[in-house]
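The values are calculated or read from the model by the stated rules, or taken from the named source; none is laboratory data. Keep in mind that this is a model prediction, so the values were computed, not measured. Neighbour counts run over all protein chains shown; Cβ positions are idealised from the backbone, glycine included.
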Amino acid sequence: MAVNSFDHSIISFINQLCGKSEVFDKTVIFLSQNDLVKGCIITLYWWVWFSPSNDITVRRQRIVSAIYGCFVAMFIVRIMSKLMQFRTRPILDPANHLVQAIGFNINRIPDTHNSFPSDHATLFFALATGMFFVSRRLGLFSLIYVLLFVAFPRVYIGLHYPTDILGGAFVGVLVVLITNIEFFRIKISDKILKYSETRPGLFYAVFFLLSFQIATLFDSSRNVLHFLGDIIKSG
């Protein structure tokens, strides 16, 4: 996939900051790699789930629908990344002439992953959108948080072009908007909420595991699938 002037101008402008401050570079690298910093936004969902509310049923419907939308959105972008024309990550393309952030290990970036669309942007913008359905204040906080601590670091160190972020964000936002349409929201959440009341122990155990996978961008799940795939191939 060719690099357009929009991507090139923005990433070149941002890259001017790289290499100027070791503290700033290493801080941005830390933000891009630390799952606790990126994934702590999921704690807002636990907070609002248990917060007292006059419309607690509707609130929980929206939470369930948003999380469901995250999974659907992630599935869509994974398919997109396989089917769409391959785009090399910006920092790996010598034609971009990007300065490497101080302390960043470029050798850890796999060169077989499609840069477009960004699965990070898909997931975390989907989560931020879902939070808007629960609280505009928390939704705005989530959106700003994702922009500063998820989206910007990935562009800054050259993991994604701006359109990678925009493409992923578009999918995540759109899917969660759809899953929170009243008809779909009720369809998705009705049986799940009933199960949370009849089997709370199992429900919250699963809820915790799903939250953990979301917070870590499904890294451990992917590792399990890769391991099983290698076992099957070797067998």
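Odds and ends about this structure:
- Within the stretch 50-69, residues that are under 14 Å from Leu127 (Cα atoms) and touching a residue at least 24 places away in the same chain (Cβ under 8 Å) sit with their Cβ atoms under 6 Å from residues that are charged (D, E, K, R) and assigned to a helix (DSSP H, G or I), at 6+ positions apart or across chains, in these pairs: Ser65/Arg185.
- Answer from Arg78, Arg62 - the residue that is under 19 Å from the mean Cα position of the chain (by Cα), within 30 Å of Pro162 (Cβ to Cβ), surrounded by fewer than 20 Cβ atoms within 10 Å (Cβ to Cβ) and charged (D, E, K, R): Arg78
- Just one residue in the set Gly201, Gly168 is assigned to a helix (DSSP H, G or I) and under 25 Å from Thr88 (Cβ atoms); that residue is Gly168.
- Listed conditions (1) touching a helix residue (DSSP H, G or I) at 6+ places or on another chain (Cβ under 8 Å); (2) without any contact (Cβ under 8 Å) to a residue 24 or more places away in the chain are all met by Asn107, apart from (1).
- Yes/no for Arg185 being out of contact with any Asp or Glu (no Cβ under 8 Å at 6 or more places or on another chain), crowded, with 19+ Cβ neighbours inside 10 Å, of a type in the set (Lys, Arg) and more than 18 Å from Phe124 (Cβ to Cβ): yes
- Pairs with Cβ under 7 Å, 6+ apart, first in the stretch 81-102 and within 18 Å of Tyr156 (Cβ to Cβ) and part of a helix (DSSP H, G or I), second at pLDDT below 90 and acidic (Asp, Glu): Leu92/Asp111
- Selected residue (criterion: surrounded by the fewest Cβ atoms within 10 Å (Cβ to Cβ)) from residues of the stretch 111-150 that are assigned to a loop (DSSP other than H, G, I, E, B) and under 18 Å from the mean Cα position of the chain (by Cα): His113
- Evaluated against (1) of a type in the set (A, V, I, L, M); (2) within 17 Å of Pro117 (Cβ to Cβ); (3) modelled with pLDDT under 95, Val173 falls short on exactly one condition, (3).
- Pairs with Cβ under 6 Å, 6+ apart, first in the stretch 218-235 and within 23 Å of Asn34 (Cβ to Cβ), second part of a helix (DSSP H, G or I): Ser221/Gln213
- Condition check for Phe6: more than 21 Å from Thr216 (Cβ to Cβ), in contact (Cβ under 8 Å) with a residue 60 or more places away in the chain and loosely packed, with under 13 Cβ neighbours inside 10 Å: yes
- Residue check, Leu193 over 19 Å from Ile76 (Cβ atoms) and touching a residue at least 12 places away in the same chain (Cβ under 8 Å): yes
- Residue in the stretch 88-96 that is surrounded by 21 or more Cβ atoms within 10 Å (Cβ to Cβ), within 24 Å of Leu209 (Cβ to Cβ) and touching a Leu at 6+ places or on another chain (Cβ under 8 Å) present: no
- Residue list for the stretch 14-54, filter: of a type in the set (Val, Ile, Thr) and in a loop (DSSP other than H, G, I, E, B): Ile41
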